[in-house]
C-alpha cells in the first residue's frame, strides 16, 4: 500500500492510466451473474448496477448554509455544488462510475466577505462490483481513485491523487429497502488535513405509492482536521419520484447532527437511464 501511494504521487498521470486499465481488466474478468454513488439525494450507496452495456446519467445540485461563532466572530458560509455522474455497466454486476463536481463557496466574518471561490473540483473514477446476491440480500465493493483536477490553492481540490474503497450492503423487503455503506478514504492533500478518513452511513427507502419513494439517511465521517475528534454527522430526509422507468426526480434536506457538519443543505437532482 505504501509503495502504491508513493508511486501515484510521483507519477500521477502514468499511474492513473495504468490503474484505470487495471480496474477495467478486473471488471472484465469478473463477468459472473450477481444481482454510483448513492441514489440521489441519499449519501449511502446501494448495491444496484446498471446492467451490461447500459448507462445512467445523474445531474444534481446542492445548496449549503453554515453559521458559527468563533472567538467572538460570527462566521457564515454559503455555497454548494453541481455534480454530473456517468455510470456504465461493464457487466451485469459491475459498473464504471465517473464523476465531475463543480463547487462554489463564500465565507463571511461579521458580514465582511473573506473568501469567494468557485470552479471544478476533484474528479473521481470508481468501479462498483456486486459480488453476492441471495434472497434480497446483496454485497458490493466500490474502489475508486480521486484525481486532483481542482485548484488546491483556492480550496477547490486536494492537490494530490487519493483513493477510497467502500463496502456496501443492501437488503430488500418490499416496499422497504435498507442500505449500509462503510469505507475508507485516502485523503492525500496539500492542506494539512488528516490523510486517513473513515465513513459509515445507513439509509432506508419506502415506496409509499407506485413510483414515489420516501428516503432517509444517517451517517458519520471522521474529522479531516488533524487532532480533532469532532466528527461530522448528519441526518437526511427526502423523496424520489419516477414518472417513467428510466427517469427520476429527487429532492432532500440534510441537517447537521454535530458542530463539525454543515448546518443545513438542500439537495435536488435528476437521473436518466438509457
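To keep it simple, each residue is scored yes or no on (1) buried (at least 16 other Cβ atoms within 10 Å of the Cβ); (2) over 20 Å from the mean Cα position of the chain (by Cα); (3) assigned to a strand (DSSP E or B).
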{"residue": "50", "(1), (2), (3)": "yes, no, no"}
{"residue": "59", "(1), (2), (3)": "no, no, yes"}
{"residue": "65", "(1), (2), (3)": "no, no, yes"}
{"residue": "69", "(1), (2), (3)": "no, yes, yes"}
{"residue": "77", "(1), (2), (3)": "yes, yes, yes"}
{"residue": "102", "(1), (2), (3)": "yes, no, yes"}
{"residue": "105", "(1), (2), (3)": "yes, no, yes"}
{"residue": "115", "(1), (2), (3)": "no, yes, yes"}
{"residue": "118", "(1), (2), (3)": "no, no, yes"}
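Residue 109 meets the conditions (1) within 22 Å of residue 200 (Cβ to Cβ); (2) surrounded by fewer than 19 Cβ atoms within 10 Å (Cβ to Cβ) in every case but one. The failed one is (1).
Hey, any hits in segment 236-247 for a residue that's under 18 Å from residue 65 (Cα atoms), crowded, with 16+ Cβ neighbours inside 10 Å and modelled with pLDDT under 95? Scanning segment 236-247, I find no residue that is under 18 Å from residue 65 (Cα atoms), crowded, with 16+ Cβ neighbours inside 10 Å and modelled with pLDDT under 95, so the answer is no.
One residue stands out in segment 79-95 among those that are over 17 Å from the mean Cα position of the chain (by Cα) and part of a strand (DSSP E or B): the one that is farthest from residue 150 (Cα to Cα), namely 91.
Only one of the listed residues (125, 98, 139, 131) is modelled with pLDDT of 95 or more, in a strand (DSSP E or B) and either on the phi > 0 side of the Ramachandran plot or in contact with a helix residue (DSSP H, G or I) (Cβ under 9 Å, 6 or more places away or on another chain) (or both). That residue is 125. Residues in segment 231-274 that are in a strand (DSSP E or B), touching a strand residue (DSSP E or B) at 6+ places or on another chain (Cβ under 9 Å) and more than 24 Å from residue 221 (Cα to Cα): 240, 241, 242, 243, 247, 248, 249, 270, 271, 272, 273. Among the residues of segment 201-216, are any surrounded by 13 or more Cβ atoms within 10 Å (Cβ to Cβ) and touching a helix residue (DSSP H, G or I) at 6+ places or on another chain (Cβ under 7 Å)? For segment 201-216, residues surrounded by 13 or more Cβ atoms within 10 Å (Cβ to Cβ) and touching a helix residue (DSSP H, G or I) at 6+ places or on another chain (Cβ under 7 Å): absent. Just so you know, in segment 200-230 the residues that are in a strand (DSSP E or B) and under 25 Å from residue 151 (Cβ atoms) include one that is modelled with the highest pLDDT, and it is 221. Scanning segment 168-199 for residues that are buried (at least 16 other Cβ atoms within 10 Å of the Cβ) and part of a loop (DSSP other than H, G, I, E, B) gives 187, 188. When the criteria are applied in full, residue 227 meets the requirement of being surrounded by fewer than 16 Cβ atoms within 10 Å (Cβ to Cβ) and at positive phi.
The values are calculated or read from the model by the stated rules, or taken from the named source; none is laboratory data. As the structure is a computational prediction, the values presented were derived from the model and not from experiment. Backbone-built Cβ (ideal geometry, glycine too); neighbour counts: all protein chains shown.
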